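Bear in mind these aren't lab numbers, they're just calculated from the coordinates by the rules spelled out. Nothing here was measured: the structure is a model prediction, and the numbers come from that model. Virtual Cβ from ideal backbone geometry, glycine too; neighbours counted across all protein chains shown.
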Amino acid sequence: MKLEYSAAQRAFRAEVRDWLEANAPAAPLKSFDTAEGAAEHRAWEAKLNDGGFAMVPWPKEYGGRGADLLEWLIFEEEYYRADAPKRINQNGLFLLGPTIMEYGSDEQKARFLPRMASSEEVWAQGWSEPNAGSDMANIQATAHRHGDHYLLNGQKTWASRGAFADWLFGMFRSDPTSKRHRGLTFILCPLDTPGVRVRPIPQLDGLPGFAEVFFDDAQVPVKNRLGEEGEGWKVAMSTAGFERGLMLRSPARFQHTARRLVELWRRHANELPAATGAAVTRCWLAAEAYTLDTYRTVSRLAAGGKIGAEASLNKIFWSELDLRMHELALDILGEQGELLPTAPAARGVGNWLDGYLFALAGPIYAGTNEIQRNIVAERILGLPR
Amino acid sequence: MDFRFDEEQQLLQSTVRHFLDAECTPAVLRVLWESETARSPELWKKLAALGLTGLLIPEAQGGMGLDETAFVLPLEACGHAGLAEPVVATAAVAAPLLREVAGALADEWLPRIATGDARVAVGHPTLSFVEDAHQADLLLLPRGEDEVHALPRSAVQVSEQPANDPSLRIASVAFDASDNSCVARGKKARALFAATLDRGALASAAQALGVCERLLQLAVSYTSERHQFGQAVGSFQAVKHHLANVKLKLEYARPLVQRAAHSVAKASAQRALHVSMAKHAACEAAVFGAKQTLQCHGAIGYTWEQDLHIFMRRAWSLDHAWGSSSFHLERVRRALLEGAFAIGPGATFQEEQQDD
Ligand SMILES: Cc1cc2nc3c(=O)[nH]c(=O)nc-3n(C[C@H](O)[C@H](O)[C@H](O)COP(=O)(O)OP(=O)(O)OC[C@H]3O[C@@H](n4cnc5c(N)ncnc54)[C@H](O)[C@@H]3O)c2cc1C
């Protein structure tokens, strides 16, 4: 066990830190769930990409730097330390990108990855349907093969950032006689394809953070298929591993929130019961535990290990921690916790309310925590189905 | 940066695990419970032969010359078996304390600990009772917070305090201190006591992980076999989620314990903080595990006959030993409130960086 960074890792951290100090926006951008905010976030992503930092673990040819997973963690730590903007293209960068890396042809990699890195093309994820939520294998949207293209029909829903995205990656039933997870195909579809209609849906905060997407004989070339026809489930599951695991929610995010929570508590400690301090301490401790566990996992992966069902433990842990931290912060803030950012008295309150509303979704998206607990019980503990 | 154990460390764990699976079964523990001392001289000798009692003792004095990072996995294995022998008191706490006291006392006792010929018990100013005083050949005891005294058992009065965990033997110990018995005082003694508390807490935390793992295994195997409503009760989602929640607490306590072991081994400035984080999380997981696995067993788990309670009692006694969950949470809370160290993204391994 060696818990020191190498000289190269320290140099990398310093480089990221310097670049972010010089380039990260001084004031928060508008929410990327507004047209104006989406444009600001795209501009930021373009700048990040010009700096070579859009997706450091990717190979150089696709806009990355060939960084290893440890450097990825370091990058994330610096990114959150700098309080840099949320990633508008996270579905592309963190979910689809790694999947293309694994299943894409060279042509697909060259076509999609660089424009993903620059956020010229922002991606939405089209898995859920009105009747396929937790039961994702119940997907009913279809892809009908016609020569060198597919005709897409049906409906996707809850596609995050679908309102302002350019492309959607989704799963469609290509074999009409198939059942469950067989006969599904993973398809990449431009959202301006004729026959595709996007209807934004306002979320809990009132902004159109996700969208329904309707397909009516939308024509997509076969070369936009990822993996083999009928193999979509397998391809998608590789994304699920990444989503719940390392990429989407690296520990720095929660350490950043934990630090803000500790600072908030310190400012109010004299007025608060000891129990609040104990609860804050538990949260900080849990964020450290998540960090240590991630370093442990990354060390294992570096030595050739794989992420399996334990990604479900991660997902439960971070989503419930995030929610607890925001609940506590609002509790500490008291009546100020009710204030919208536009309230004149909201200065210095921070974005805890926004964060809380978002944290509430954590136990739902990326596979609900009930489903994750089933997975932990069945695949890790080995309980009977 | 490599948060992994090397092959030798993993090998030691599996050796101890296999040994205890065979030699320290619940049936063996139950026999020991009924015995006068609840301790097995044969088992202790065999543990010594494996190197466990001398793990932290320098090679020159007959030990393995390893550190806490190497000890944490074998200790987890001891917890898993519910081992009652004083590996914490003697091997994890007394041995390094003697090593630091040094001099003739260390030269006399360390080789004997390594060979399994001596058991040494340690008291602490924050604790009322001394673990395994009843069997100790030598006791290292506090007078106030500023003096460490070393006395043979014949020179102290041991009054045993029956405990809820029959594997645990604790006692109040009275003695007449003299200049002769004092082996450290003042600043030195306080530093020794601080390190002792951290070592005791770390070793208990590591055992608690093993206990929690064992509780889970017992519950998984029982609920996979017990049928109600025509199906295994382990297939009911309420049962699954109870046990998944235990697994969650266990898996996120583990890296805290491993990291604390590293900090103790390196005498890091954040040693106490890291130990408290670990002890809090590991004992909370084990105590939670006891409650949940009992629930998943139903009435059978509520009996003396079923083995579950061997490990439930272990979970509770380890929680009570060397500072409870809330004692350690409070130590973390204070340090955090004072702003005694950097926090936030990138700060986790800051302390280690200053080393080089
Ligand atoms: C903010 C947000 C963003 C999202 N973004 C996307 C996106 O970008 N792309 C996308 O495809 N989807 C997205 N989703 C959808 C998300 O993946 C689904 O909401 C999720 O899979 C749950 O499906 P559902 O909402 O239909 O709930 P349901 O499946 O109807 O579940 C309702 C309740 O029943 C429980 N339940 C269901 N089945 C079981 C079971 N077997 N055992 C125990 N309990 C069960 C659930 O846990 C839940 O509590 C997003 C959701 C949210 C909230």
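What relative contact order, as a whole-number percentage, does the stretch A:236-305 give when Cα pairs under 8 Å and 6 or more residues apart are counted?
On the way: 25 pairs, mean separation 27.3, N = 70.
Here the relative contact order equals 39 percent.
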Between residue B:107 and residue B:27, what's the calculated FRET efficiency when r is the beta-carbon distance and R0 is 35 Å? Round to 0.05. 0.30
Taking the Cα atoms of chain B alone, what are Rg (to one decimal) and Dmax (as a whole number) in Å? 20.3, 72
Inter-probe distance in nm under a simple model that places probes 7 Å from Cα toward Cβ, at residue A:306 and residue A:11: 3.5 nm
Taking the Cα centre of each part, how many Å lie between the stretch B:207-265 and the stretch B:269-300? 11 Å
For the stretch A:237-315 and the stretch B:109-167, what is the centre-to-centre distance using only Cα atoms, to the nearest Å? 40 Å
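If you add up the charges near residue B:9, with Lys and Arg at +1 and Asp and Glu at -1, over every other residue whose beta carbon is less than 15 angstrom from its beta carbon, what do you get?
Values: positive: A:2, A:296, A:300, B:4, B:17, B:254, B:259; negative: B:2, B:6, B:7, B:8, B:67, B:68, B:76.
With Lys, Arg at +1 and Asp, Glu at -1, the net is 0.
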Positive end of the charge dipole of chain B (Lys, Arg +1 and Asp, Glu -1 on Cβ, about the Cα centre): tell me which of B:324, B:183, B:62 has its Cα farthest that way. B:324
Per-residue mean of C-beta atoms belonging to partner chains within 10 Å, peptide B:329-337: 5
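Hey, got the dipole for chain B? About the Cα centre, +1 on K and R Cβ, -1 on D and E Cβ, debye to the nearest 20?
Working: 33 positive and 42 negative charges, 175 e Å.
Charge dipole, chain B, about its Cα centre: 840 debye, nearest 20.
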Whole Å is fine, so just give me how far the alpha carbon centre of the stretch B:1-66 lies from that of the stretch B:310-353. 26 Å
To the nearest 20 debye, what charge dipole does the stretch A:7-88 have about its Cα centre, counting +1 at the Cβ of each Lys and Arg and -1 at the Cβ of each Asp and Glu? 20 debye
Karplus-derived 3J(HN,Hα), 6.51/-1.76/1.60, for each residue of the stretch A:371-385, Hz, glycine and proline x: 4, 4, 5, 4, 5, 4, 5, 7, 8, 9, 7, x, 6, x, 5
Under a crude label model (7 Å from the Cα following the beta-carbon direction), how far is residue B:347 from residue A:36 in nanometres? 3.5 nm
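What Kirkwood Rh does the stretch B:1-94 have if only Cα atoms enter the pairwise 1/r average? Answer in Å. Please list the in-between numbers first.
Values: mean 1/r = 0.0726 Å⁻¹.
After inverting the mean inverse Cα-Cα distance, the result is 13.8 Å.
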The extension gain from residue B:49 to residue B:338, computed as 0.36 nm times the residue separation minus the Cα-Cα distance, is 99.4 nm
Whole-number percent relative contact order across the stretch A:249-380, with pairs defined as alpha carbons under 8 Å at least 6 apart: 28 percent
On the formula 1/(1 + (r/R0)^6), with r taken between the Cβ atoms of residue A:222 and residue A:60 and R0 of 30 Å, the FRET efficiency rounded to 0.05 is 0.50
Sum of side-chain charges, residue A:133 neighbourhood, beta-carbon under 13 Å (Lys, Arg +1; Asp, Glu -1): -2
With only helices counted (DSSP H, runs n ≥ 4, each -39500 (n - 2.57)), the per-residue ellipticity at 222 nm for chain A, to the nearest 500, works out to -14000 deg cm²/dmol
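Set the Förster distance to 30 Å, then compute FRET efficiency between residue A:267 and residue A:18 from the Cβ-Cβ distance, nearest 0.05.
Values: r = 30 Å, r/R0 = 1.00.
Step by step, r from the Cβ atoms, then E = 0.50.
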For the stretch A:170-274, what is Rg from Cα atoms divided by 2.2 N^0.38 Å, rounded to two decimals? 1.66
What residue among A:257, A:368, A:276 shows peak mean-square fluctuation when chain A is described by a Gaussian network model with Cα springs under 10 Å? A:276
Of the candidates B:98, B:73, A:290, the farthest towards the positive dipole end of the protein assembly as shown (Lys/Arg Cβ +1, Asp/Glu Cβ -1, centred on the Cα centre) is A:290
Extreme residue, positive dipole direction of chain B, given options B:5, B:206, B:20 (C-beta unit charges): B:206
In a Debye calculation with equal point scatterers on the alpha-carbon sites of the stretch A:235-357 and no solvent, what is log10 I(q)/I(0) at q = 0.09, 0.11, 0.12 Å⁻¹? -0.31, -0.45, -0.52
What is the helix-to-structure angle for B:237-265, meaning the angle in degrees between its Cα long axis and the longest Cα principal axis of chain B, kept from 0 to 90 and rounded to the nearest 10? 20 degrees
Taking each residue in A:309-315, count the Cβ atoms of any other chain within 10 Å of its Cβ, then average. What number comes out? 2
For chain A, modelled as a GNM with alpha-carbon contacts under 10 angstrom, which of A:301, A:248, A:69 fluctuates the most? A:301
Just to be sure I understand: if I project the alpha-carbon convex hull of the protein assembly as shown onto a plane and average over all orientations, what area do I get in nm²? 34.4 nm²
Which whole-number percent gives the relative contact order of chain B, counting Cα pairs below 8 Å spaced six or more residues apart? 15 percent
Counting only helical runs of four or more DSSP H residues, what would the 222 nm mean residue ellipticity of chain B come to if each run contributes -39,500 (n - 2.57) and the total is spread over all its residues? -18500 deg cm²/dmol
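Quick one: putting +1 on the C-beta of Lys and Arg, -1 on the C-beta of Asp and Glu, what dipole do you get for the protein assembly as shown around its Cα centre, in Debye to the nearest 20? Intermediate values should be presented prior to the final figure.
Details: 77 positive and 91 negative charges, 158 e Å.
Value, rounded to 20: 760 debye.
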Computed over chain B: longest principal axis from alpha-carbon atoms vs helix B:186-225 long axis, angle to nearest 10 degrees, is 20 degrees
Given a 10 angstrom Cα cut-off, can you work out which residue in A:291, A:185, A:342 is the most mobile in a GNM of chain A? A:342
Which of the residue pairs A:315/B:291; A:86/A:315; A:306/B:45; A:86/A:306; A:156/A:223; B:46/B:240 have a Cα-Cα distance greater than 30 Å in the structure shown? A:306/B:45; B:46/B:240
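If you keep only loop residues by DSSP, which trypsin sites (Lys or Arg not before Pro) in the stretch A:299-370 have at most 15 other Cβ atoms within 10 Å of their Cβ?
Values: sites: A:300, A:306, A:315, A:324, A:347; in loops: A:306, A:347.
Answer by residue number: A:306, A:347.
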A student asked for the Cα radius of gyration and Dmax of the stretch B:191-355 in angstrom ought to give 18.1, 61
